[in-house]
1. Quick one: putting +1 on the C-beta of Lys and Arg, -1 on the C-beta of Asp and Glu, what dipole do you get for region 21-133 around its Cα centre, in Debye to the nearest 20?
2. Per 5 Å bin from zero, what fraction in whole % of the C-alpha pairs of region 156-288 is there, up to the bin with the longest pair?
3. Among His278, Gln177, Ala248, which residue has its Cα positioned farthest towards the positive end of the charge dipole of region 122-281, with +1 placed on the Cβ of Lys and Arg, -1 on the Cβ of Asp and Glu, and the dipole taken about the Cα centre?
4. Please report, as a whole percent, how much of the solvent-accessible surface of the chain comes from carbon and sulfur atoms (probe radius 1.4 Å).
5. Can you give the Rg to Rh ratio of region 88-233, both from alpha-carbon atoms, with Rh computed by the Kirkwood formula?
6. What is the helix-to-structure angle for 209-221, meaning the angle in degrees between its Cα long axis and the longest Cα principal axis of the chain, kept from 0 to 90 and rounded to the nearest 10?
7. Using a cut-off of 24 Å between alpha-carbon atoms, which lysines can reach Lys118, once sequence neighbours fewer than 8 places away in the same chain are excluded?
8. In degrees from 0 to 90, rounded to the nearest 10, what is the angle of the helix 154-165 Cα long axis to the longest principal axis of the chain?
Amino acid sequence: MKIWLDGNLVDESEAKISVFDHGLLYGDGVFEGIRFYNGRIFRLEEHIRRLFDSSRAILLNLPWTQEEVCKFTCETVAANGLRDGYIRLVVTRGAGELGLNPHLCPKPSMFIIASTIKLYPDEHYQNGLAIITCATRRPAPAALMPQVKSLNYLNNIMAKVEAIQSNALEAVMLNEQGYVAECTGDNLFILKNGALITPLISEGALDGITRAVLIELAAKIGVPFVERSLTRYDIYTADECFLTGTAAEVIPVVSLDRRIIGDGKPGPLTRRFLEAYHELVNSTGTPF
Ligand code: PMP
């Protein structure tokens with residue numbers, strides 16, 4: 001496997017990062033997960049724009065333009081001879097002194113991995129996921145900006161551990177006020193009385209690229225869309241529920257905390273969104 005690392009495509013065995021890199025020491029960095037289908041990268045420009053926004057928000061200046069990073073990403077995928085797969089693009093603060101001061105890290109590092117990913121077994125796309133609410137809360141937006149896709153995933157990992165210990169594959173994370181924010185690696189949507197509803201980003205959700213695609217699809221299909229605060233009550237009493245993410249795509253949810261949602265099967269609108277999403281990812285994107 002060829003990895004793009006700081007300007008060069010190198011062998012996997014040579015792709016190494018310093019133990020003094022603040023990405024490793026403090027989770028000081030940002031990343032993107034991007035998917036490609038049929039030789040085309042889906043929503044590449046949107047992902048790179050979010051990467052640059054995340055970097056800017058943490059005062060990490062990238063020495064490349066967005067166009068250059070798009071080009072490096074395409075080159076990495078092409079170098080690995082893949083047609084379908086998953087890209088992990090990581091920017092770290094770079095190597096520096098011990099101590100938090102990011103100004104003592106002279107040069108950020110970037111690496112790009114083109115590989116594959118499978119989050120959930122196929123049967124769950126057919127039959128839906130059973131998820132739980134976890135006790136681990138999302139950090140307040142004033143503590144950690146939810147739009148920044150940072151390398152600090154310990155909060156999500158602790159929530160994921162709760163899910164695994166309850167035999168669930170995902171967990172709903174609430175914010176400090178008790179409103180639904182998102183899941184550990186996916187955004188959450190419900191359908192109620194024919195409308196598509198998702199929590200506001202300000203409740204502590206990542207501004208997901210797939211989330212934005214679903215909002216577009218709702219307009220295209222003619223499903224009214226609402227962004228508002230949700231509590232667990234809204235999920236328990238929803239007609240349908242699903243999660244979205246680059247890796248997960250669109251996956252139905254059929255129960256929360258062992259309470260059946262709707263009739264306990266992936267609903268008709270969820271199926272329509274799932275189909276429309278697959279159609280879109282297979283017919284659009286940046287060729288590499
Ligand atoms: N929320 C979190 C916490 C995530 O890590 C992700 C990405 N895996 C998402 C939501 C979904 O975002 P996107 O659609 O941009 O992949």
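The values are calculated or read from the model by the stated rules, or taken from the named source; none is laboratory data. A quick note: this is a predicted structure, and the numbers were derived from the prediction, not measured. As a convention, Cβ positions derive from the backbone with ideal geometry for all residues, glycine included, and neighbour counts pool all protein chains shown. When the accessible area is computed, the model is the full protein with side chains, heavy atoms only, and any ligands, DNA or RNA have been set aside. Shrake-Rupley method; radii C 1.70, N 1.55, O 1.52, S 1.80 Å.
1. Details: 12 positive and 13 negative charges, 25 e Å.
For region 21-133, the charge dipole is close to 120 debye.
2. Histogram of Cα-Cα distances, whole percents per bin: 2, 10, 21, 24, 22, 12, 6, 2, 1.
3. Farthest towards the positive end: Gln177.
4. Values: 7110 of 13430 Å².
Of the solvent-accessible surface of the chain, carbon and sulfur hold 53 percent.
5. Details: Rg = 17.6 Å, Rh = 17.4 Å.
Dividing the radius of gyration by the Kirkwood radius yields 1.01.
6. 40 degrees
7. The qualifying lysines are Lys2, Lys149, Lys160, Lys265.
8. The answer is roughly 50 degrees.
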